[in-house]
Ligand SMILES: Nc1ncnc2c1ncn2[C@@H]1O[C@H](COP(=O)(O)OP(=O)(O)OP(=O)(O)O)[C@@H](O)[C@H]1O
Ligand SMILES: [Mg+2]
């Protein structure tokens with residue numbers, strides 16, 4: 001058995017995989033935050049709660065309606081995204097003429113309410129959601145054992161992240177979004193319905209969070225605090241990557257997941273703070289973040 | 001003059017503006033703008049800095065929240081409509097600051113405004129009209145020179161099918177050859193049946209392309225001079241414009 005710097009390869013690759021999995025969630029969630037921030041200029045503090053809703057709605061769909069995992073992957077983002085659309089129409093849209101801080105406070109308050117409701121309804125012990133049968137088990141790669149579901153999470157996140165990147169950076173619809181991010185007034189003067197675009201963009205960002213929630217359900221137990229714990233790290237990821245950069249959010253998400261995993265191998269004591277230390281260093285030298293545009 | 005304009009029959013106008021008022025927050029900027037534009041005409045708004053020319057175009061386009069009066073376009077009242085609806089009725093706007101998007105390539109900038117009715121220029125027509133743009137299609141929009149950005153700003157609204165153009169100082173800060181090129185473009189557009197409201201500071205340019213000139217001062221239209229009578233009114237115009 002070969003060893004790397006005294007680290008058994010199983011441990012190294014195991015932690016790398018764990019880092020990639022965490023990175024998959026960081027990337028999906030910070031991507032949603034970046035898309036929302038780009039156009040709406042608000043930091044969506046309810047993002048973690050909406051991720052948690054994704055996991056819960058998947059659980060409800062399976063338990064109450066018999067909707068299997070694969071159906072949930074499509075239906076849940078639509079359902080939770082729709083709640084986002086309603087929230088934007090009824091509440092967030094009323095705040096655009098005020099300071100951005102109000103949007104932040106509103107979404108923060110919403111997060112507390114949503115989490116409170118789920119805690120009341122389901123308790124905090126967590127609900128099980130089993131891995132779909134097609135993805136149970138794993139593959140022996142020789143140097144490590146790769147659980148199939150975890151591999152799927154990484155692949156699914158990569159596909160959705162880069163699909164979103166492509167849609168925003170390379171398509172006509174994406175050009176509308178980028179233009180409206182830069183100068184919504186002029187885009188409106190060309191006859192494009194910018195308020196509707198803002199609503200749908202928020203819905204899409206929320207749907208991304210919900211998609212991450214469905215992916216997470218079989219790995220982590222479905223519980224009302226799952227989003228609150230994760231979102232703190234995701235905000236640090238966003239700060240490191242730079243607000244509003246699509247590619248930056250994706251690359252930073254995966255990159256920091258891996259860095260965190262490696263820290264667990266080489267210096268486990270620091271693993272829980274590694275991302276925050278990086279955040280502090282980045283803030284010192286590049287306050288706008290690694291990929292951020294300075295206004 | 002204001003009364004005479006008010007009595008004008010608006011039914012034959014492409015655009016009829018009556019007693020248009022506009023405010024930025026509490027400051028009252030337009031105090032009753034009156035003018036008409038006939039179909040196929042090129043009309044200028046002349047006036048000193050801060051007279052309210054840009055504000056007039058923005059108010060017509062629905063870009064100023066607090067506005068009052070009447071703006072009739074092809075018989076429809078626009079004063080209460082949002083900008084996107086006004087655009088969809090067939091008015092295209094080219095802002096003073098040009099509004100080229102830095103997050104978009106030249107090509108994406110060109111293709112951004114949606115086609116709102118048939119009869120606009122094709123992408124190829126537009127690129128034939130502005131050959132400089134063809135070689136720069138994949139560049140970042142804001143990497144173009146000032147003149148090229150101005151051409152792009154005009155080019156992109158010609159595709160939409162809107163035949164009524166509001167152009168805010170398209171020659172501002174540009175070299176004489178480029179000003180000439182834009183002049184030729186406007187003449188071509190007029191021949192193709194476009195109707196144009198042009199805000200200008202460059203009086204000689206205005207005289208070379210327009211049918212009539214409205215003089216704006218302190219938020220009011222204070223005079224109208226047909227281009228054919230411009231020579232006999234030079235003294236008056238110089239006094240208005242302080243040139
Ligand atoms: N966003 C704004 N907020 C407050 N006041 C404004 C704003 N924009 C313009 N103004 C004021 O409105 C008046 C008219 O401005 P406007 O831009 O319409 O003038 P203009 O005739 O286009 O001038 P220029 O030839 O310099 O472009 C000016 O006094 C200006 O200071
Ligand atoms: Mg102006």
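The numbers here are math on the coordinates, done by the rules we state, and not lab data. In this text, all values refer to a predicted model and were calculated from it rather than measured experimentally. Using ideal geometry, Cβ is built from the backbone for each residue, glycine included, and neighbour counts are taken over all protein chains shown.
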Shielding by partners, peptide B:99-108 (average Cβ within 10 angstrom, other chains): 5
Cα-only Debye scattering, segment B:171-243: base-10 log of I(q)/I(0) at q = 0.11, 0.17 Å⁻¹: -0.29, -0.70
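Once you order the gyration tensor axes a ≥ b ≥ c over the Cα atoms, which shape class does segment A:27-68 get: rounded for a/c under 1.5, otherwise prolate or oblate by comparing a/b with b/c?
It is prolate, given that a/c is not under 1.5 and a/b is the larger ratio.
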For chain B, built as a Gaussian network whose Cα springs stay under 10 Å, the top-fluctuating residue of B:71, B:106, B:179: B:179
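Working out 0.36 nm times the residue gap between residue A:70 and residue A:41, then minus their Cα-Cα distance, what length gain in nm do you get to one decimal?
Details: separation 29, 0.36 × 29 = 10.44 nm, distance 3.32 nm.
Contour length minus Cα-Cα distance gives 7.1 nm.
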Principal-axis tilt of helix B:176-191 within chain B, Cα atoms, nearest 10 degrees: 80
Stokes-Einstein D (µm²/s) once Rh is taken as the Kirkwood radius of segment B:98-243 over alpha-carbon pairs, at 37 °C in 0.692 mPa s: 200
Ranked list, fewest to most other Cβ atoms within 10 Å of each Cβ, for B:107, A:229, A:99: A:99, A:229, B:107
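Using only Cα atoms, figure out Rg for segment A:47-158 and give it as a multiple of 2.2 N^0.38 Å.
1.35
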Residue A:10-residue B:74 pseudo-label distance in nm [points 7 Å out on the Cα-to-Cβ vector]: 7.5
Relative contact order [Cα under 8 Å, 6+ residues apart], chain A, whole percent: 38
Degrees, to the nearest 10: A:226-241 long Cα axis against longest axis of chain A: 80
Where a label projected 7 Å from the Cα of residue A:100 along Cα→Cβ would reach, residues of segment A:23-48 with amide N under 13 Å: A:34-45
For the protein assembly as shown, share of DSSP beta bridges that run antiparallel, in % to the nearest 5: 60
Protection proxy ranking, peptides A:138-148, A:68-78, average beta carbon neighbours within 10 Å, highest first: A:68-78, A:138-148
Difference of contour (0.36 nm per residue) and Cα-Cα distance, residue B:223 to residue B:31: 67.7 nm
Rg in Å to one decimal, and Dmax rounded to a whole Å, for chain A via C-alpha atoms: 19.4, 67
Percentage, to the nearest whole number, of Cα pairs in segment A:47-92 over 16 Å apart: 37
Segment B:43-149: mean projected area of Cα convex hull, nm²: 8.4
Among A:199, A:63, A:252, residue whose mean-square fluctuation peaks in a GNM of chain A (springs only between Cα atoms under 10 Å): A:63
Segment A:157-224-segment B:186-227 distance, computed between alpha-carbon centres (Å): 43
Other protein chain Cβ atoms within 10 Å, averaged over every residue that makes up A:61-72: 0
Cα gyration tensor, segment A:161-263 - rounded (a/c under 1.5), prolate or oblate: prolate
Label point distance in nm, residue A:119-residue A:144, each placed 7 Å from Cα along Cα→Cβ: 3.6
Over 40 Å [Cα-Cα, the protein assembly as shown], rounded percent: 39
Peptide B:90-96 - average C-beta neighbours from other chains (10 Å radius): 2
Nitroxide proxy distance, nm - points 7 Å out along Cα→Cβ at residue A:127 and residue A:225: 1.9
On Cα atoms only, tilt of A:274-285 relative to the major axis of chain A in degrees: 50
Residues A:30, B:122, A:46, B:102 arranged by fewest to most Cβ contacts within 10 Å: B:122, B:102, A:46, A:30
Relative contact order of chain B, defined on C-alpha pairs under 8 angstrom at six or more residues apart (%): 27
Per-pair calculated FRET efficiency, R0 = 56 Å: residue B:135 and residue A:134 via Cβ, rounded to 0.05: 0.60
Segment B:106-243: relative contact order as a whole-number percent, Cα under 8 Å and 6+ apart: 20
Gyration tensor (alpha-carbon) shape descriptor, segment A:113-190, a/c threshold 1.5: oblate
